[in-house]
Structure formats: structure tokens, C-alpha cells
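J.: First, the structure itself, so that you have it in front of you.
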Amino acid sequence: MSQDRKPETTTDQDDDPNRVVIFDTTLRDGEQSPGCSMNLEEKVSVAQVLEEMGVDVIEAGFPIASNGDFEAVNVIAKRIKNSTVAGLARATPKDIDRAGEALKPAVRPRIHTFISTSPLHMKFKLQMAPEAVHQAVIDSVGHARNLCDDVEWSPEDGTRTEHDFLCRCVESAIKAGARTINIPDTVGYTIPSEFAALIEMLRNRVPNIDRAVISVHCHNDLGLAVANSVAAVHAGARQVECTINGIGERAGNAAMEEIVMALRTRHDVLPYRTGIDTTVITRASRHLAAITGFSVQPNKAIVGANAFAHESGIHQDGMLKNAETYEIMTPESVGLVRSKLVMGKHSGRHAFSEKLKELGFELKQNELEDAFFRFKDLADHKKDIYDEDIIALVDDAVLRHNDHIKFLGLQVVCGSKGPQTAELELEIDGRHAKAKADGNGPVDATFAAIREIFPHQAELQLYQVHAVTGGTDAQAEVTVRLEENGKSVNGQGADHDTLVASARAYVNALNKLLVKREKTAPAAMTA
């Protein structure tokens, strides 16, 4: 199957022994990143992009964690038709029942249950003896199997688990009905040769291992998550758990785009294939970054701004003669399109709509109108409109469509003589409100005005600005992180005026706080 063609995501009828199942946990493990919480609408939109990309399994959440998480898994289970939808559950009947209930509408449901198996975790986290843990494996997998044909089991902290006990638990999980055995490197401790040897050991020592798919789930604490995942595939694993942009707890998870493109680009030594439509990768990366406020670092492999940029004279000369001299994959293969339409202040709705299609956006009519209005305003202030400008303002417009609090206007007085003053106008559930506030600088004054209109106890943890493009007329993209009662959210805003972008970002974060659900991430699997 060509990697550039949109694939079928059903793997049940796929007998290719070199087919690697892509299990995306952006909506579960990825969302456990501090500040990375998503509301229901955002989660559904990410799930739809993942399905379009051809992801085999979408781990939609941890249903027992909260009513909001249950609802998200349940709604995604209703909306997604091609991909398998998975819900996470600890090794307790209550967790498993809750996951089964959330997944009832799914065409292809999967219950993913887990328990810690390393000596360290069993002693200090679970405070359970190995025999009790082993029995819990049997009981939990059996209970899940009674609710769902497709059950996955994970030994948390698997890479630090004693081999004899790991083999025993894996064998019992398969006997109890698990069709997928996932081996997590929960703390990102292992190295590629060590992890490959672990997978080979399981294949050689577990007598019924041929009745299950071996999966891996690697964290990036030592920067080895992708390398470990690829080594495991080479050793016989046929499912990889990963996230878009590598987001996740601590240093994150294995980046899906890097794994997929490594398998595709080095097919000569890695003769494996996935069902991923790689041309959707860039759009998925940008969409997630816009929702979470986690900007992708410029030198990030595959999806970073510099991934296909060449500044060195020697490199540029080689590129002009033959792109393969310095590009091992084409920008088009990951969904980067070279612009055919130059946009400016005289561009109309039709041209703008065509540009959005070229960039991979499909907007609802009201979202299109908002984005076009923002585009015309930008074009009045900025001579050259780049694709990055349009992507920033479209993401900004789409994210704010259903906000309870909306930015309307801002006027700031600032300078070295002071005082710095901000006059702000917001709309709160259809009601207009105004405030004027002083501050220690224009940003502080702006945020003070927001607090006056909408009082809250959240504390500012992060304020970050970067230019979308080059030049003094570049749009500013601002990220704001707010923390309240131990929970944090990221907000993002873009505008040609940095202070307006700042206000938009803060308001976006406030809106996320309004829909923030209680999470029990410490009890969730960190694998």
C-alpha cells in the first residue's frame, strides 16, 4: 500500500506480519501534560483528525477519572467509525465497568487495563505482594474480556519488572483474554538494545505470546522514546503507542510523526509499514499545537519550522541541484504544501477559501467568516501575508468559536513615563463588559483589566511571545499558562498587535478553566 494514499484503518483483516499498528494516546497520556487539558469539542476535533490520518487505535481517555473524561470517551466512541476507540482502566471492576460503559457506542471498542509490576511500584505504590498483583492481572483482564472482545493489558513500569514475573503475568493476561500486550517504559529508563532484548525475551519465553500483539509505550526522559520504539518493532513488536508532537507527561512520549516517517523513510532496513496517511501529519501537528498552546520547537524533527529549511550556502547549492542531497523526505510527504496563491488585502472570500483548502483546513461557515474578517484586518496592517500567518489566525478563530468569554477590544497607554493603562472590552455569555486598569507595564495592565471584569483566583505561570514570521510587522503568537487549585491550562492568541494577542491568550486560558474537569492523573497510568 502506498503511504501517500489514504489507508484503511481496520487491522483485523490485515495479515501482513510487517504491519505496525499505530495506537495514538494524545487524548489520554498526552493530555496529562501540565497545562495540556482539552475540552470536549477540542478532544473530538483531534480524534477526527487522527481518524482521517489513519490511526488504528485512538485512546480517547480515562473514563473513571471524571464525568468529563467519561463523556469525551463516550462522544468520541459515537463519532469515530474507522479507528478502534480505547478507554483506559486500572485493574479494578469499577474502572473497567466505567470504561466499558463509555465505549458502548464504539464500532470497534477496546478496554486497556493495567497494573504496576515492578518491585518498586508494587512495594511503594500499590503496597501489594506479587501474588496479589498476579491475581489482579487475571481478574481484571477476565472482567474486561466479559465486556469487550478487544482487551489490551499493560504492566506499568514494565522495563524495570523482573523478567520471570513479567513473563508469568504476560502469559496469564493472554490466557485471560488479552489480545494486545503492551510493554511500557514508564519512566523512560531503557535504551534501544536493552528494550529490543526485552521484547525478544518475551517472544522466546512466553509460550502463548503468538496469540497476542506485542505493543510498546515509551517515554522520552532520556530522549530515546522513538529510538526505543523502533528498536522494539525491529525485535518483533507490532503496535506502537505514541502521541502527536510527542506530548505527554514529563519529557513526553514517543512522537508518532517521527516513528511513522522513520519506518517509511528507512524501509530498506526497517521493512515495516503503517496505515498512516502521512500527508495529514503537518495539519495534525499544527492543530494540536493550536489547541494546547504547546508550540512545536523549530528544530523538531518532521514538523518543526526548520525541518525543511536550508540556510547554509553549501546546503542551498546542493538543494538547487537536487533536493535529495539534503532532504531524505519531501515536504509534501508530510503535508507541507508550497504556496500557489499569494494573499493580500485585495484577496476575496473565494481566494481565501481556496487558500484554506490548500493548507488543509475545512471550516464551518461561521468559522470561515470570523477567519476572513481577521485576515482582512491583518492584511490592512501587514504587507506580506504568509501561510504561517493564515494558519495562526485560522487556529485562533476556530478555537474561540464557542467561548463563554470573548475578546472585543483593547486600548493601551504605555511608555517610559507611565502610568501604563489598559481599557478592555469583553463579552461574557452575550453581555458586554468594560474595565480600565493600571499595571506594571502594558501586559500587566491588560491582565489586570481582565481580572476586574472577570474576577478569578488563577495565577499566571507562563507568559511567552514568539513571532509567527520574520519582520517587524510579524504577527505575535502568545501563550499564557494559568494555574488554579493545582490544575493548569494553556491559552493561546495571535494578532498583529502583541498586546491584543496577549489578551486573547489570557481569555482563551480562562475559557479553558471554565470547562476544566477534575482529573485524577496521579492515579492514571504514566506509562
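J.: Give the residue, chosen from D444, D403, D438, D429, that is within 30 Å of M343 (Cα to Cα) and among the acidic types (D, E).
T.: On the way: D444 fails: within 30 Å of M343 (Cα to Cα); D438 fails: within 30 Å of M343 (Cα to Cα); D429 fails: within 30 Å of M343 (Cα to Cα).
Criteria check complete, one pass: D403.
J.: Follow-up. Filter the stretch 71-114 down to the residues that are among the polar types (S, T, N, Q), in a loop (DSSP other than H, G, I, E, B) and under 19 Å from the mean Cα position of the chain (by Cα) and list them by number. I'd like the intermediate steps shown before the answer.
T.: From the stretch 71-114, those among the polar types (S, T, N, Q) are 74, 82-84, 92, 113; that's our starting set.
The next check asks that each one be in a loop (DSSP other than H, G, I, E, B); those that pass are 82-83, 92.
Selection gives S83 alone.
J.: Find the residue count for the stretch 257-294, including only residues that are in contact with a helix residue (DSSP H, G or I) (Cβ under 6 Å, 6 or more places away or on another chain), not aromatic (F, W, Y) and not in a helix (DSSP H, G or I).
T.: Adding up the residues that qualify gives 4.
J.: Can you tell me which residues in the stretch 177-191 are farther than 18 Å from S118 by Cβ and out of contact with any His (no Cβ under 9 Å at 6 or more places or on another chain)?
T.: Filtering the stretch 177-191 down to residues farther than 18 Å from S118 by Cβ leaves 177-180.
Selection gives G177, A178, R179.
J.: Working only within the stretch 61-76, note down all residues that are more than 20 Å from A136 (Cβ to Cβ), crowded, with 23+ Cβ neighbours inside 10 Å and not acidic (D, E). Steps first, please.
T.: Within the stretch 61-76, the first condition is being more than 20 Å from A136 (Cβ to Cβ), and the residues that meet it are 61, 66-76.
From what's left, crowded, with 23+ Cβ neighbours inside 10 Å: 61, 69, 72-73, 76.
G61, A72, V73, I76 - these are the residues of the stretch 61-76 that are more than 20 Å from A136 (Cβ to Cβ), crowded, with 23+ Cβ neighbours inside 10 Å and not acidic (D, E).
J.: Another question, if that's okay. Does A474 satisfy being at pLDDT below 90, more than 27 Å from Q297 (Cα to Cα) and surrounded by fewer than 24 Cβ atoms within 10 Å (Cβ to Cβ)? Step through it out loud before you land on a result.
T.: Numbers: at pLDDT below 90: yes; more than 27 Å from Q297 (Cα to Cα): no; surrounded by fewer than 24 Cβ atoms within 10 Å (Cβ to Cβ): yes.
So A474 does not fit the description; no.
J.: Right, another one. Suppose we filter V206, V141, V216, V170 for residues that are hydrophobic (A, V, I, L, M, F, W, C), within 22 Å of T274 (Cα to Cα) and buried (at least 21 other Cβ atoms within 10 Å of the Cβ); which single one remains? Steps first, answer last, please.
T.: Working: V206 fails: within 22 Å of T274 (Cα to Cα); V141 fails: within 22 Å of T274 (Cα to Cα); V170 fails: within 22 Å of T274 (Cα to Cα).
Exactly one residue qualifies, and that residue is V216.
J.: Next question, about the same structure. Output the residue which, of all residues in the stretch 463-486 that are in contact with a strand residue (DSSP E or B) (Cβ under 6 Å, 6 or more places away or on another chain) and polar (S, T, N, Q), is farthest from L510 (Cα to Cα).
T.: Q475
J.: Step by step: first the residues of the stretch 223-244, then only those that are more than 18 Å from D16 (Cβ to Cβ) and touching a residue at least 60 places away in the same chain (Cβ under 8 Å), then the one that is surrounded by the most Cβ atoms within 10 Å (Cβ to Cβ). Which residue is that?
T.: E241
J.: Would you mind stating whether A505 is buried (at least 24 other Cβ atoms within 10 Å of the Cβ), modelled with pLDDT of 85 or more and part of a helix (DSSP H, G or I)?
T.: Details: buried (at least 24 other Cβ atoms within 10 Å of the Cβ): yes; modelled with pLDDT of 85 or more: yes; part of a helix (DSSP H, G or I): yes.
Yes.
J.: Same structure again: Where residues in the stretch 446-462 are touching a residue at least 40 places away in the same chain (Cβ under 8 Å) and assigned to a helix (DSSP H, G or I), which of them is farthest from V507 (Cα to Cα)?
T.: It comes out as T446.
J.: Just checking, does the stretch 115-130 include any residue being in contact with a Ser or Thr (Cβ under 7 Å, 6 or more places away or on another chain), within 22 Å of L166 (Cα to Cα), of a type in the set (S, T, N, Q) and not in a strand (DSSP E or B)?
T.: Within the stretch 115-130 (the criterion being in contact with a Ser or Thr (Cβ under 7 Å, 6 or more places away or on another chain), within 22 Å of L166 (Cα to Cα), of a type in the set (S, T, N, Q) and not in a strand (DSSP E or B)), the answer is yes, since at least one residue qualifies.
J.: What pairs can you find where one residue is in the stretch 136-150 and under 17 Å from A86 (Cβ atoms) and assigned by TED's automatic domain parsing to the domain that holds P105, the other is in a helix (DSSP H, G or I) and hydroxyl-bearing (S, T, Y), and their Cβ atoms are less than 9 Å apart, with a gap of 6+ or different chains?
T.: That search, which allows pairs on different chains as well, returns V141/S172.
J.: Within the set of pairs 6 or more residues apart or between chains, which connect a residue that is under 12 Å from S347 (Cβ atoms) inside the stretch 375-391 to a residue that is small (G, A, S) with Cβ atoms less than 7 Å apart?
T.: Hits for this filter: A379/G344; I385/G344; I385/A379.
J.: Out of the stretch 173-186, which residues are among the aliphatic types (A, V, I, L, M) and surrounded by 19 or more Cβ atoms within 10 Å (Cβ to Cβ)?
T.: Taking the stretch 173-186 as the starting set, the residues that turn out to be among the aliphatic types (A, V, I, L, M) are 173-174, 176, 178, 181, 183.
Selection gives A173, I174, A178, I181, I183.
J.: Out of the residues in the stretch 83-109 that are small (G, A, S) and in contact with a helix residue (DSSP H, G or I) (Cβ under 6 Å, 6 or more places away or on another chain), state the one that is surrounded by the fewest Cβ atoms within 10 Å (Cβ to Cβ). Write out each step before concluding.
T.: Looking only at the stretch 83-109, we keep the residues that are small (G, A, S), and these are 83, 86-87, 89, 91, 99-100, 102, 106.
Right, trim to in contact with a helix residue (DSSP H, G or I) (Cβ under 6 Å, 6 or more places away or on another chain) and you get 83, 87, 89, 91, 99-100, 102, 106.
Numbers: S83: 29, G87: 33, A89: 28, A91: 23, A99: 28, G100: 19, A102: 28, A106: 25.
Looking at residues that are small (G, A, S) and in contact with a helix residue (DSSP H, G or I) (Cβ under 6 Å, 6 or more places away or on another chain), I get G100.
The values are calculated or read from the model by the stated rules, or taken from the named source; none is laboratory data. Values in this document were obtained by computation on a predicted structure and should not be read as measured data. Every residue, glycine among them, receives a Cβ derived from its backbone with ideal geometry; neighbour counts consider all protein chains shown.
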